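The values are calculated or read from the model by the stated rules, or taken from the named source; none is laboratory data. Just so you know, these numbers come straight off a predicted model, no measurement behind them. Counting neighbours? That spans all protein chains shown, and the Cβs are built from the backbone with ideal geometry, glycine included. Heads up: the accessible areas ignore ligands, DNA and RNA and are worked out on the full protein's heavy atoms, side chains in. Shrake-Rupley method; radii C 1.70, N 1.55, O 1.52, S 1.80 Å.
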Amino acid sequence: MNILVTGGAGFIGSNFIFYMLDRHPDYRIVCLDKLTYAGNLSTLAPVMQNPSFRFVKADICDREAVYALFEEERFDVVVNFAAESHVDRSIENPSIFLQTNIIGTSVLMDACRKYGIGRFHQVSTDEVYGDLPLDRPDLFFTEETPIHTSSPYSSSKAGADLLVQAYHRTYKLPITISRCSNNYGPYQFPEKLIPLMIANCLADKPLPVYGQGLNVRDWLYVEDHCKAIDLVIHKGREGEVYNIGGHNEMCNIDIVKLICHELGKPESLITYVTDRKGHDMRYAIDPTKIHNELGWLPETKFENGIKEAIRWYLDNRPWWEEIVSGEYQNYYERMYGKR
Ligand code: NAD
Ligand code: TDX
């Protein structure tokens, strides 16, 4: 099996590549990544010499480069992780989100139509469903929940999902879509809540909690997400959407306090800052479909996974210290300087 993984130099894509090379040593994995600010070639260092792995630096929007790669490799499966993925950046500047997340996805699917494919899998997000109220803990996102987006990021992901479903209906492209809740674990870019709070804690810097910190996210260990995608591409039904989540809802302030506690830092570092515009209140996935159809269940309990993740950031300081010392400083100043 020859699999194209786009966006594999990012957080979830790299974890997926490690998982797949380990789980299916007979597969060939090709990673296509533009290496934006969020992509790190150093993350893939452990597999660069693996003969079953190839890295190609390219933009999914670059039709010529994408077609040339498909012509050469004749992929069986494409898993599309490549995306602009940070909500705050999408609020600052939506256009690159539309370009990569929508146009890029269409270019990949055009290549699949032209060269033939066994499966095109789109890695989507629970954010396409919008948010749920805090006072209705009985409500969850199912695959039938209407698309109802809040941010330019989630709108661009929803746009891509609609296009993927249109390519299935119109051109019979063999597609699947997965919509996962918030991931955490190794190699997550430090602009996201958990690694940002770990990095700031370790530097004794303020911990910027948006609003009152009461927003709820449904956290899943990244490897559980990778396992779910592996199942969907092998056993998922063509044309279907699968929600992925582990019923692990936590409000932001509890996560931040937990990180302080684990790192032995005072809660006085917590600083409440101006809320995110259009901030979604609560995400909560109902994973019944993927459980019943494919037998998927999350394996890592949050209380263990968060300790493992913190340990990873402690053991791999050079990886994230290099990131936070570069261009990230300008981003941080722009985003948090006057907040
Ligand atoms: P990330 O930002 O860490 O990585 C994105 C990767 O895509 C980077 O390596 C980047 O270089 C690459 N990329 C960006 N634009 C590209 C382009 N035009 N061409 C080629 N490569 C490009 O993102 P992530 O957190 O790993 O998310 C991966 C996917 O999973 C995204 O599609 C995201 O929407 C989805 N998702 C993420 C989460 C989460 O909690 N992080 C949850 C659900 C779904
Ligand atoms: O400094 C911060 N302070 C803060 O309070 C940051 C970076 C975040 N937050 C809050 C905002 C959210 O309620 O923490 C929560 C999580 O924020 P993010 O890590 O930015 O994630 P979120 O906006 O929930 O989106 C994530 O999950 C779904 C991913 O970034 C998306 O790619 C994915 O689709």
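Among the numbered criteria (1) within 11 Å of ligand 2 (Cβ to nearest atom); (2) under 18 Å from the mean Cα position of the chain (by Cα); (3) of a type in the set (Ser, Thr, Tyr), which single criterion is violated by Tyr272?
Result: Tyr272 fails condition (2) only.
Take His261 and tell me if it is without any contact (Cβ under 8 Å) to a residue 12 or more places away in the chain and out of contact with any Cys (no Cβ under 7 Å at 6 or more places or on another chain).
Yes.
Look at Val87 and say whether it is over 19 Å from the mean Cα position of the chain (by Cα), β-branched (Val, Ile, Thr) and modelled with pLDDT of 95 or more.
no
Quick one: in the stretch 236-280, of everything that is in a helix (DSSP H, G or I) and among the hydrophobic types (A, V, I, L, M, F, W, C), which residue is surrounded by the most Cβ atoms within 10 Å (Cβ to Cβ)?
Checking each candidate, the answer is Ile259.
From the set of residues in the stretch 110-132 that are more than 15 Å from ligand 2 (Cβ to nearest atom) and in contact (Cβ under 8 Å) with a residue 60 or more places away in the chain, which is surrounded by the fewest Cβ atoms within 10 Å (Cβ to Cβ)?
Only one residue tops the list, namely Arg113.
A quick yes/no check of all residues on (1) closer than 23 Å to Tyr328 by Cβ; (2) outside any helix (DSSP H, G or I):
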{"residue": "Ala9", "(1), (2)": "yes, yes"}
{"residue": "Ile17", "(1), (2)": "no, no"}
{"residue": "Leu35", "(1), (2)": "yes, yes"}
{"residue": "Ala38", "(1), (2)": "yes, yes"}
{"residue": "Ser42", "(1), (2)": "yes, no"}
{"residue": "Asp59", "(1), (2)": "yes, yes"}
{"residue": "Tyr67", "(1), (2)": "no, no"}
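Under 6 Å by Cβ, and 6 or more places apart or on different chains, what pairs join a residue from the stretch 179-197 that is hydrophobic (A, V, I, L, M, F, W, C) with one that is more than 10 Å from ligand 1 (Cβ to nearest atom) and not in a loop (DSSP other than H, G, I, E, B)?
Matching pairs, first to second residue: Met197/Leu207; Met197/Val256; Met197/Ile259.
Regarding Tyr283, is this residue surrounded by 14 or more Cβ atoms within 10 Å (Cβ to Cβ), of a type in the set (Ser, Thr, Tyr) and under 26 Å from Ser124 (Cα atoms)?
So Tyr283 passes the test.
Consider Ala58 carefully, then state whether it is modelled with pLDDT of 95 or more, open to solvent by 30 Å² or more (accessible area, probe 1.4 Å) and of a type in the set (A, V, I, L, M).
No.
Can you confirm whether the stretch 81-96 contains a residue that is away from ligand 2 (no atom under 11 Å from the Cβ) and open to solvent by less than 10 Å² (accessible area, probe 1.4 Å)?
no
If I ask for residues that are assigned to a helix (DSSP H, G or I) and hydroxyl-bearing (Ser, Thr, Tyr), which ones from the stretch 130-166 would you list?
Tyr153, Ser154, Ser155, Ser156
Could you go through the stretch 60-68 and let me know if any residue there is over 18 Å from Gln122 (Cβ atoms) and among the β-branched types (Val, Ile, Thr).
Scanning the stretch 60-68, I find no residue that is over 18 Å from Gln122 (Cβ atoms) and among the β-branched types (Val, Ile, Thr), so the answer is no.
Given Pro186, Pro152, which one is at pLDDT 95 or above and closer than 22 Å to Gly245 by Cβ?
It is Pro186.
Scan the stretch 21-44 and report the pairs whose first residue is over 15 Å from Ser85 (Cβ atoms) and open to solvent by 50 Å² or more (accessible area, probe 1.4 Å) and whose second residue is modelled with pLDDT of 95 or more and not in a loop (DSSP other than H, G, I, E, B), with Cβ atoms within less than 6 Å and a gap of 6+ or a chain change.
Arg28/Asn2
Can Val232 be described as more than 30 Å from Lys172 (Cβ to Cβ), at pLDDT 95 or above and not in a loop (DSSP other than H, G, I, E, B)?
Answer is no for this residue.
As an exercise: evaluate Ile3 against (1) assigned to a loop (DSSP other than H, G, I, E, B); (2) open to solvent by less than 40 Å² (accessible area, probe 1.4 Å) and give the number of the one condition it does not meet.
With (1) assigned to a loop (DSSP other than H, G, I, E, B); (2) open to solvent by less than 40 Å² (accessible area, probe 1.4 Å) applied to Ile3, the lone miss is (1).
Is it the case that the stretch 133-142 has a residue that's buried (at least 21 other Cβ atoms within 10 Å of the Cβ), over 19 Å from the mean Cα position of the chain (by Cα) and of a type in the set (A, V, I, L, M)?
no
Which pairs have Cβ atoms under 7 Å, sit 6 or more apart or on different chains, and link a residue in the stretch 311-339 that is in contact (Cβ under 8 Å) with a residue 40 or more places away in the chain and open to solvent by less than 80 Å² (accessible area, probe 1.4 Å) to one that is among the hydrophobic types (A, V, I, L, M, F, W, C) and in a helix (DSSP H, G or I)?
Tyr313/Ile198; Tyr313/Trp320; Trp320/Ala199; Val324/Ala199
Does Asp218 fit the bill of being open to solvent by less than 10 Å² (accessible area, probe 1.4 Å), within 15 Å of ligand 1 (Cβ to nearest atom) and closer than 23 Å to Met281 by Cα?
For Asp218, the condition - open to solvent by less than 10 Å² (accessible area, probe 1.4 Å), within 15 Å of ligand 1 (Cβ to nearest atom) and closer than 23 Å to Met281 by Cα - is met.
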